[in-house]
Amino acid sequence: MKCAYACNSSEHVVARRGFLAGLAATAAGSVVGGLGVFASPLAAAQLQGDQKRVVVFNMHGGLSQLESWDPKPGTDTGGPFRAIETSVPGIRISELLPNVAKQMHHLCLVRGVNTSEDDHGKGAYMMLTGRRQTPAADYPYFGAVCAKAMTPQDSALPGHIIITPGGGGGRGNDSAYLGPMYSSIALGNGNPPQNTTRPGQVTEPMDAARNDFRKRGNDRFLSRRRTALTEAYVYSYEQAAQLMKQREVFDVTKEPAKDHDRYGKHDFGRHCLLARRLLEKGVTFVQVSHSNYDTHNENFNFHIEQLGEFDTSFATFVADLADRGMLESTLIVVLSEFGRTPNINLYYGRDHWSHAWTVVMAGSKVQRGVAYGKTNDKGTEVVDGQVDHANLFHTYLQAVGVDSTDSFDIEGRDVPIADPASRMIKQILS
């Protein structure tokens, strides 16, 4: 299905289901091996029970808060859908999310988000870095920050994975000054990354001899000239062998058939199941993409279709993490780059609206079964508990035990982890 969009941004010349795949392909760097950085080998079964993990659901394009988390039925901005009761008395969400409504006791709705940025690229950057985009500096994305701050040194798996349609194992360009060691790896088809098996014509002794020669050459070079880039280059080669030994971690077909049925036999269902599998195996940060919510045309029909996918898969994911005791150590975030306008345009669509929308959180230190912040009766502005991208970024990190007011040591220079001019949302943390 293709949609004709009205905002004329360059992203909208492609099919909506290939949208993020295109972005991933553009951003994915081809660092040699394309496999990322891995620490020393450690079986996934040895994963510490208290290891903190994060999963982000990126509703790319701008999910309508009015058709999801903050409905306004019966108003001239509310649209055709009802608000339904949830598992928490007094909190209602859209009837398009009946299964998620049953999991509300695990969730926290942050309904007072105002980022004042209606541009796709700038809005996405703000939500994923906690900073405004500026020519003076580039900041690492949330996944890179989590990978550096939270991934155990002895983990054999990458700490930063993005699951998006078309992702084939390429490296992202999203770690800024943290260096390529913490860049993302893009997965998409539910299979292990490409090029993680030894070619049939190369025997194991041949491969061992080849790698021994490479190691000796690398050691000689590094003894004379060592930089962060050369270390990352060498590290990716050295640790790719560990990934080859654990290819099945990335193979979602190893999950039971009944789980595939529960999550849904579509891309998003498989991606949610893969995310659960990766978190269980010890991956620190996973981002799942669901796009494209930029509904300038036919907003209501589109949300019926798209939220129909999201509702079942996401609700199953939350329930599974709760049942498996993983919510205590795993932070769940559902975000977008902005929301949709309360005004309904002449194409039965909603346009970009960053001034009053919702982000959802769950797990770890986040309070459960609450709605923080409030918009007015028509959803046009925040009237209580207003927060922005920087507040949220601090809160995400504090929720998983990372002191967001601390700094990273970057080549002897202290760089704040999060915007030092902002602070966390204390009211939603336990």
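What follows draws every value from the coordinates through simple rules; no lab data is involved. Since this is a predicted model, take the numbers as computed values, not measurements. For neighbour counting, all protein chains shown are included, and Cβ atoms are generated from backbone atoms with ideal geometry for every residue, glycine included.
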* Within the range 349-372, whose backbone N sits under 16 Å from a point 7 Å along Cα→Cβ of Thr380? -> 351, 353-357
* **Per-residue ³J(HN,Hα) for the range 112-118, Karplus 6.51 cos²θ - 1.76 cosθ + 1.60, θ = phi - 60°, Hz, x for Gly and Pro** => x, 7, 9, 9, 6, 8, 9
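Rounded, prolate or oblate: which fits the range 304-385 when a ≥ b ≥ c are the square roots of the eigenvalues of the alpha-carbon gyration tensor, with rounded for a/c under 1.5 and prolate only if a/b beats b/c? Show your work: numbers first, answer last.
Working: a/c = 3.12, a/b = 1.60, b/c = 1.95.
It comes out oblate by the Cα gyration axes.
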* What aspartates and glutamates sit close enough to Lys374 to cross-link, taking a C-alpha to C-alpha distance under 18 Å and skipping anything fewer than 8 places away on the same chain? -> Glu67, Asp70, Glu85, Asp384, Asp388
* Of the listed peptides 52-64, 144-156, 379-391, what is their order by residue-averaged count of other C-beta atoms within 10 Å, with the highest listed first? -> 52-64, 144-156, 379-391
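Stretched out fully, how many nm does the piece from Arg225 to Asp414 gain, at 0.36 nm a residue minus the Cα gap?
Fully extending the segment from Arg225 to Asp414 adds 65.6 nm.
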* To do: Between beta-carbons, use under 15 Å as the cut-off and find the net charge around Asp377, counting Lys and Arg +1, Asp and Glu -1.
  => +1
* With each pseudo-label sitting 7 Å past Cα toward Cβ, what's the Glu95-Ala136 distance in nm, one decimal? -> 5.1
* Can you give the Rg to Rh ratio of the range 376-430, both from alpha-carbon atoms, with Rh computed by the Kirkwood formula? -> 1.13
* What FRET efficiency, computed as 1/(1 + (r/R0)^6) with R0 = 56 Å and r the Cβ-Cβ distance, is obtained for Asp154 and Thr75, rounded to the nearest 0.05? -> 0.55
* **At 1.306 mPa s and 10 °C, Stokes D of the range 291-430 from Kirkwood alpha-carbon radius, µm² per second** => 92
